Amino acid sequence: MCCFIQAHAQTGYEAPIVFDQFFQNYNLLNPASSDSSGKAHLRIGNRSLIGLFSGVNRLYVDGDVKIKHRSLNQYSSLGALVIAYNDGAFISRTKAYVSYSWTTRISSRSSVSAGLAIGVVKYTLLGSQAGGGGASTAFDGNAGLWYIRSKLKIGVSYQQFTRSALTPVNQTFLLIPYLNVNVIYASYISPYVLLTTHVFYRHQSMNVSEFQLAPIFLFNDVFETGINFRYKRGVALMVGIKNINIGQGNIHFMGSFLLSTRKLSNNLDNAFELSASYTF
């Protein structure tokens, strides 16, 4: 009996890191707009590791502007997103996108939004005593949809649909497409306490799927706290301040720390994360 086995030498499959506070910036997961508040948004976030993997961090900077249409039932959003991955002193990855989304009302209580993000991905490996360095750049693209109601939002996005490959040195990194699904449900459990539950699921071929559940409590529309349960990875504890009036806008801060629930840690565990946004 003869068997055929396909093997890949020096080839890696890239599954992007999901921030513990993913709900602070859904543009990281879906290029379609899901936030109609304010005319413009500026966001920044950083996820850093401590202990054995100190020096590894993920940083993003994001902004978008709402564009009004003649019809009050429609609007567009134009944005830009930059994500920098620092995997130590010699390995870095950078992603940069521009995005456009269009939102329209489909009934008196619901809307839909569609969006597209196009950009580039760059992998850089600096030279060391172990070998020479190199860099590689490729195009990347993401597409998404949102169904929006007053209490419920459901989003679906298809990421890395260009199926690009990068070879900064001898190893090739494949950007395998993956599917994100997000569900948001908000309800008041008292006149002063709002509970918003965020559900995240990612499926990528040839990789383990990821699931996260984050209930967030907002007290008096100012103080918020919550937990993010990351399946088979850990629990992130979160505290934040929302709706601090500065000038003509509002600032939002949140900090979190991921506690690993696994016996063996890797470069995704024991992470401290900070995020901030300004809406005006």
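A few remarks follow.
- As a summary of the residue check, ALA236 satisfies the conditions (1) touching a residue at least 12 places away in the same chain (Cβ under 8 Å); (2) over 18 Å from SER150 (Cα atoms); (3) over 17 Å from the mean Cα position of the chain (by Cα) except for the one numbered (3).
- Any hit, the stretch 80-95, residues being farther than 18 Å from ILE44 by Cα, of a type in the set (Gly, Ala, Ser) and within 17 Å of the chain's Cα centre (by Cα): no
- Any hit, the stretch 127-137, residues being touching a strand residue (DSSP E or B) at 6+ places or on another chain (Cβ under 7 Å), in contact (Cβ under 8 Å) with a residue 40 or more places away in the chain and hydrophobic (A, V, I, L, M, F, W, C): no
- With respect to the conditions (1) part of a loop (DSSP other than H, G, I, E, B); (2) surrounded by fewer than 22 Cβ atoms within 10 Å (Cβ to Cβ), ASP20 falls short on a single one, namely (2).
- Filtered residue count, the stretch 210-241, keeping only those that are of a type in the set (Ser, Thr, Tyr) and modelled with pLDDT of 95 or more: 1
Residue-by-condition table, conditions (1) touching a Leu at 6+ places or on another chain (Cβ under 7 Å); (2) surrounded by fewer than 16 Cβ atoms within 10 Å (Cβ to Cβ); (3) farther than 17 Å from ILE154 by Cα:
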position	(1), (2), (3)
GLN204	no, no, yes
ASP221	no, yes, yes
PHE229	yes, yes, yes
LEU258	no, no, yes
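- Test result for SER256, part of a strand (DSSP E or B), more than 19 Å from the chain's Cα centre (by Cα) and at pLDDT 90 or above: no
- Residue within the stretch 158-170 that is more than 30 Å from VAL120 (Cβ to Cβ) and more than 17 Å from the chain's Cα centre (by Cα) present: no
The values are calculated or read from the model by the stated rules, or taken from the named source; none is laboratory data. Values in this document were obtained by computation on a predicted structure and should not be read as measured data. Counting neighbours? That spans all protein chains shown, and the Cβs are built from the backbone with ideal geometry, glycine included.
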